[in-house]
């Protein structure tokens, strides 16, 4: 299967409230594309087999034309320069697509060029969802910040440096990590090196010193643990609030006639492709079902966070 992901324009308005008010009605423009809205950003997407991609692009153009007309009618500006388009799929599926013969994807009379990598709400997505581009972007930002901070590390106490790391560095590393939880071992190692740099900055160690004990004392988890923690938090919130709907609908509970102990478990879908096995639909039920019942039945998100962190730190025993 191949996914056509077309990122539609940001609404250019001086007053944010008006942008939110008008964009609430943009869903009326979409007849062929599925879409998600994030403040004044809109994302349209559609899935289809490679042979039917040209047909789906033609349908997408009809929706984009409707967006253009809707923007003009409401005195808004759909900025083609901020629009991005990408085809996402396996190497085998993408090899069957002749990009030279594809219909042009247009909005407001301007062509949207197909890109190998696009930036989606701060997350860099490539055609195969391997996440090399995003991890490289995160590394560049973090190392740049460390170059600035290292000038002052001799004048700051470990307590202050730990607070700086937790407020300025770790949020960059953690941003959207639930989206790319199942990255390759090499990419995981690169992110773990960033986390180790955070520990060395706080305790004043060189890059050749071992810092495993210091990392435990500071309570800074490695990449694998951090991503599982955040994925667990997301599952709990989605399951409790039933929002957002496009994620909640992917969590399917087992149907029981009687009130049994497994009522809160999710159905594990069949894994047909490697890409699908790395999706929320597969990873979320797998993690949730592996947790003890007492943890899953936590009364609040605060209690769940503490129990989950303790459980994962103890090696999921």
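Per-structure values
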| quantity | calculated |
| --- | --- |
| Segment 37-194: antiparallel DSSP beta bridges as a percent of all, rounded to 5 | 90 |
| Relative contact order (percent, whole number), the chain, Cα cutoff 8 Å, 6+ residue spacing | 12 |
| FRET efficiency, residue 186 to residue 147 (Cβ-Cβ, R0 25 Å, nearest 0.05) | 0.60 |
| Simple label model, 7 Å out from Cα along Cβ direction - residue 65 to residue 156, nm | 5.6 |
| Sorted by Cβ neighbour density within 10 Å, fewest at the top, the residues 198, 282 | 282, 198 |
| Helix axis angle, 185-203 relative to the chain longest principal axis, alpha carbon, degrees | 50 |
| Efficiency of FRET from Cβ geometry, residue 242 and residue 310, R₀ 22 Å, rounded to 0.05 | 0.25 |
| Potential extension, residue 212-residue 38 segment - 0.36 nm per residue separation minus Cα distance | 58.7 nm |
| In degrees, nearest ten, helix 301-313 long axis to first principal axis of the chain (Cα) | 60 |
| Degrees between helix 223-241 axis and first principal axis of the chain (Cα, 0 to 90, nearest 10) | 60 |
| Distance (nanometres) between label positions extended 7 Å along Cα→Cβ at residue 233 and residue 254 | 2.9 |
| Pairs of Cα atoms farther than 19 Å apart, segment 207-314, % | 52 |
| Extension gain from residue 140 to residue 128, taking 0.36 nm per residue of separation minus the Cα-Cα distance | 2.2 nm |
| Scaled radius of gyration (Cα, divided by 2.2 N^0.38 Å) that segment 132-220 gives | 1.07 |
| Separation in nanometres of the label points that stand 7 Å from Cα toward Cβ, at residue 224 and residue 52 | 4.0 |
| Cβ-derived FRET efficiency at R0 45 Å, residue 193 paired with residue 263, nearest 0.05 | 0.60 |
| Per-residue [θ]222 nm for the chain (sum of -39500 (n - 2.57) over DSSP H runs n ≥ 4, rounded to 500) | -13500 deg cm²/dmol |
| log10 of Debye I(q)/I(0), alpha-carbon scatterers only, for the chain at 0.10, 0.14, 0.16 Å⁻¹ | -0.74, -1.22, -1.35 |
| Relative packing of 34-41, 84-91, which averages over residues the other C-beta atoms within 10 Å, highest first | 84-91, 34-41 |
| Antiparallel DSSP beta bridges within the chain, percent to nearest 5 | 95 |
| Chain lengthening between residue 96 and residue 25 when straightened (0.36 nm per residue, less Cα-Cα) | 21.9 nm |
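Values in this text are rule-based calculations from the coordinates and carry no lab data. None of these values were measured; they are calculated from a predicted model. Positions of Cβ are generated from backbone atoms using ideal geometry, with glycine treated the same way; all protein chains shown enter the neighbour counts.
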